[in-house]
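Participant: First the structure, then my questions, so here it is.
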Amino acid sequence: MAGHPMLLKIWRRLPIAAWFVLGLALAPAAADDRAFSTWLDFNPQIERGEKKNYNLLPLFVSSPERGQGFGLKYAQQSLLNREDVVRVQAIQTLLGKSSYDLVYEFPPRSFGMEMKLTYENFTKFYYGIGSQSREEDESAYDPELIAARVPLLYGLSKHVSAGVSFDYQEWKMIRADANGILPRDSPHLIGTEQSRLYTTGLLMRWDSRNSRTNPTHGLFAEGSVEYAKSLVRAHGNFTRAAFETRAFHPFWNHGEHHVFGLRLFLDYTSGDVPFYRLPELGGIFFNRGLLEGRFRDSLAVTGNIEYRFRITDRLHWAFFTDAGNVYPRLRAVNFRRTKFTGGTGMRYYVPPGNLLLARVDGGLSSEGFRVYLTFDHPF
């Protein structure tokens, strides 16, 4: 932040609300079949069947862990056919950190692919292993990550697909705090200096949601098993199993104006797992109100419940409760020790269409109140 005094001065004088006003000003007034549009947004999603061709989007991001940042995102539909999507994103924070992403999605009607290439060097935090880790033991560290993930899917029916995934990660520790618990735990952790992983997996998916950015009914469920082996100078020899389900249902006889959303997520690892690949709690998706990576261990069991309702066509509101905990093994699961967080937030669908969702969430936990300014539903 000290390296950008002018940006910092401008940022402090610019209210957050101005970004939303600017976003509305940049949104074109043309009909939904317009081929080009420019929006101020964080994370665009292109719905299947939308007529838009491509979007160039300025980005603004903010979170308690990473601070504020700016960037650009380019999204194009119909690169090879009418349903595939390519996205390119670049973000630079005021703290001098950056990330770059390339995503290509090809829906699995018969054959599908979801490729993601990533580079990032965001600051992260470590508090120890287990559900009893202490906030005062916080250790900040700066890793450099290069990753490539390629799931290949085959459509078995309208809603069911199955396939294999290939994952490569090159992880390197650039800097770590001399204080905190990380230096003390380092001799017992895997991947504290440098790590390379090759992972292969099997997955199966059911997806009957009526929308990816604004689901009001339907079910999404995915189960996967991944294997990492010590091959070609790779580190880590472990197995990971994950299961996620999301359900959406309108209620109170108000059509889609009132929606109940539920997510359950289980993430289990066994073997020689690098510490940064252990299941975690905290952040903008799991247990909002806790910092990202606040708790980590071999197993995470988490859930989210949201009541979403419409104030206007574009302005929505939500109340949520998040619950979860981490455990060293399956036999140690004890739901009486579940950690609960909760809160409320605003959602605004940036015109035109319902492709882009601005989200402001306030999450309360036993460790404080956190505000997240981001985009898209958490699930």
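Participant: Given the criteria within 30 Å of residue 363 (Cβ to Cβ), free of Cβ contacts under 8 Å to residues at least 40 places away in the same chain and crowded, with 18+ Cβ neighbours inside 10 Å, does residue 72 qualify?
Facilitator: Taking the combined requirement at face value, the residue does not satisfy it.
Participant: Which of the residues belonging to the stretch 281-319 are acidic (Asp, Glu) and under 18 Å from residue 188 (Cβ atoms)?
Facilitator: 297
Participant: Among the residues of the stretch 96-110 satisfying the criterion of being small (Gly, Ala, Ser) and not in a strand (DSSP E or B), which is nearest to residue 161 (Cα to Cα)?
Facilitator: Among residues in the stretch 96-110 that are small (Gly, Ala, Ser) and not in a strand (DSSP E or B), the one nearest to residue 161 (Cα to Cα) is 110.
Participant: Still on this structure: Looking at the stretch 145-161, is at least one residue in contact with a Leu (Cβ under 6 Å, 6 or more places away or on another chain), part of a strand (DSSP E or B) and surrounded by fewer than 17 Cβ atoms within 10 Å (Cβ to Cβ)?
Facilitator: Within the stretch 145-161 (the criterion being in contact with a Leu (Cβ under 6 Å, 6 or more places away or on another chain), part of a strand (DSSP E or B) and surrounded by fewer than 17 Cβ atoms within 10 Å (Cβ to Cβ)), the answer is yes, since at least one residue qualifies.
Participant: Counting just the residues of the stretch 89-110 that are closer than 30 Å to residue 158 by Cβ and modelled with pLDDT under 85, which one comes out surrounded by the fewest Cβ atoms within 10 Å (Cβ to Cβ)? Even if it seems obvious, please write down each step before you answer.
Facilitator: We begin by selecting, within the stretch 89-110, every residue closer than 30 Å to residue 158 by Cβ; these are 101-110.
Narrowing further to those that are modelled with pLDDT under 85: 105-110.
Numbers: 105: 19, 106: 19, 107: 18, 108: 21, 109: 13, 110: 10.
My answer is 110.
Participant: Also: Of the residues that sit in the stretch 167-182 and are among the hydrophobic types (A, V, I, L, M, F, W, C) and surrounded by 15 or more Cβ atoms within 10 Å (Cβ to Cβ), which one is farthest from residue 119 (Cα to Cα)?
Facilitator: The residue in question is 181.
Participant: Pairs only if they're at least six apart or on different chains, beta carbon under 8 angstrom, first in the stretch 319-341 and at positive phi, second loosely packed, with under 14 Cβ neighbours inside 10 Å and among the acidic types (Asp, Glu); list them, first residue then second.
Facilitator: none
Participant: Then there's this: Are any residues in the stretch 262-300 in contact with a Gly (Cβ under 6 Å, 6 or more places away or on another chain), surrounded by 19 or more Cβ atoms within 10 Å (Cβ to Cβ), without any contact (Cβ under 8 Å) to a residue 60 or more places away in the chain and of a type in the set (A, V, I, L, M), and if so, which ones?
Facilitator: The answer is 281, and nothing else.
Participant: For the stretch 130-160, give me each residue that is within 12 Å of residue 294 (Cβ to Cβ) and touching a Pro at 6+ places or on another chain (Cβ under 8 Å).
Facilitator: 130
Participant: Which residues, taken from the stretch 300-324, are in contact with a Ser or Thr (Cβ under 6 Å, 6 or more places away or on another chain) and of a type in the set (A, V, I, L, M, F, W, C)?
Facilitator: 305, 319, 323
Participant: Could you tell me whether residue 143 is in contact (Cβ under 8 Å) with a residue 60 or more places away in the chain and out of contact with any helix residue (DSSP H, G or I) (no Cβ under 6 Å at 6 or more places or on another chain)?
Facilitator: When the stated conditions are applied, residue 143 passes them.
Participant: From the list 271, 283, which residue is at positive phi and not in a strand (DSSP E or B)?
Facilitator: 283
Participant: On to the next question. Report, by residue number, each residue of the stretch 149-197 that is over 17 Å from residue 120 (Cα atoms), free of Cβ contacts under 8 Å to residues at least 60 places away in the same chain and small (Gly, Ala, Ser).
Facilitator: 155, 157, 161, 162, 163, 178, 180, 186
Participant: With respect to residue 308, determine if the residue is modelled with pLDDT under 95, under 18 Å from residue 209 (Cβ atoms) and touching a Gly at 6+ places or on another chain (Cβ under 8 Å). Give the derivation first.
Facilitator: Working: modelled with pLDDT under 95: yes; under 18 Å from residue 209 (Cβ atoms): yes; touching a Gly at 6+ places or on another chain (Cβ under 8 Å): yes.
Answer is yes for this residue.
The values are calculated or read from the model by the stated rules, or taken from the named source; none is laboratory data. Just so it is clear, the structure is predicted and the values come from calculations on it, not from any experiment. Cβ coordinates were reconstructed from backbone atoms using ideal geometry, including for glycine residues, and neighbour counts include every protein chain displayed.
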